[in-house]
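Worksheet for the structure shown next.
Readers should treat all values here as calculations from the given coordinates under stated rules, not as data from a laboratory. Nothing here was measured: the structure is a model prediction, and the numbers come from that model. Here the Cβ positions follow ideal geometry from the backbone for every residue, glycine too, while neighbour counts run over all protein chains shown.
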Amino acid sequence: MQPQTALLADINHCCQLNMSYTTDYVWQMRTAETERATDIHFDTVRLPRPMRVEYPRSPDELLANWERKGCFLVIKDVAGIIGFIDGLPQPWLNTLWISNLVVVPGYRQQGVASRLLQAAREWARQRQLGQLTLEIQTKNFPAIALALKHGFRFCGYNERYYLNGDIALFFSRAS
């Protein structure tokens, strides 16, 4: 199972995938302001019980992303599409901005996301993009752990990034 460029027919299948996830941890934001400084911390907090989280983006965005001719890769097996990654090149930032990385529940923790990330890195290198940037919800601890495992480092956040009001974390690494 190797990542391949998504075809138009693949996009509808991607929209049908279960993109929700379950987490035991979150990154909780804490702020403290004084006259001279604003301190912002993200603490890893264990939840009292596992929490199921809906994906923050509308599947309808996938077609628009695919039409922009960015990096849109899928992995398939005999059951069909089991994961995808999509990102848009931002040459002025020298980065491939990855907004979606999804693996269906039965295939998680089996290296599928790692293969997708590696393929996106190669896609970016072929286009002389020196960085990859991932956006991740503070609630998506499995994705945070994956990003850190692959050498991504926290580089910022936006308090009101997603339509549902969730905070987005940004992680970056060299391609």
* **Backbone HN-Hα couplings from phi across segment 128-139 [Karplus 6.51/-1.76/1.60, Hz, Gly and Pro as x]** => 6, 9, x, 9, 10, 10, 10, 10, 9, 5, 4, 7
* Asked: Per residue of the chain, what 222 nm ellipticity follows from adding -39500 (n - 2.57) for every DSSP H run with n ≥ 4, rounded to the nearest 500?
  -> -6500 deg cm²/dmol
* **Net charge of Cβ neighbours under 9 Å - reference Leu132; Lys, Arg +1; Asp, Glu -1** => +2
* Asked: Per the Kirkwood definition applied to all pairs of different Cα atoms, how many angstroms is the hydrodynamic radius of segment 27-82?
  -> 16.2
* Considering amide H positions built from the backbone, and no H for Pro or chain starts, which residues 5 or more places from Ile167, or on another chain, come under 5 Å of its amide H? -> Thr138
* So, counting K/R as plus one and D/E as minus one, what does the shell of residues with Cβ under 15 Å around Trp27 add up to? -> -1
* Given H placed 1.01 Å from N in the peptide plane, which residues other than close sequence neighbours of Lys76 have an amide H under 5 Å from its amide H? -> Gln2, Ile82
* What size of dipole, in debye to the nearest 20, comes out for the chain about its Cα centre when the only charges are +1 on Lys and Arg C-beta atoms and -1 on Asp and Glu C-beta atoms? -> 480
* To do: Go through Ile40, Ala120, Cys14 and say which Cα lies farthest out towards the positive end of the charge dipole of the chain; charges sit on Cβ, +1 for Lys and Arg, -1 for Asp and Glu.
  => Ala120
* Asked: Counting only residues 5 or more places away or on other chains, whose amide H sits under 5 Å from the amide H of Tyr157 once H atoms are built in the peptide plane?
  -> Phe170
* Under a Cβ-Cβ cut-off of 12 Å, what is the net charge of the residues other than Ala145 that fall near it, where Lys and Arg count +1 and Asp and Glu count -1? -> +1
* Structure fact -> A correct Karplus calculation of ³J(HN,Hα) over segment 41-56, with 6.51 cos²θ - 1.76 cosθ + 1.60, θ = phi - 60°, whole Hz and x for Gly and Pro, returns 10, 10, 9, 7, 10, 7, 7, x, 7, x, 10, 8, 10, 6, 5, x
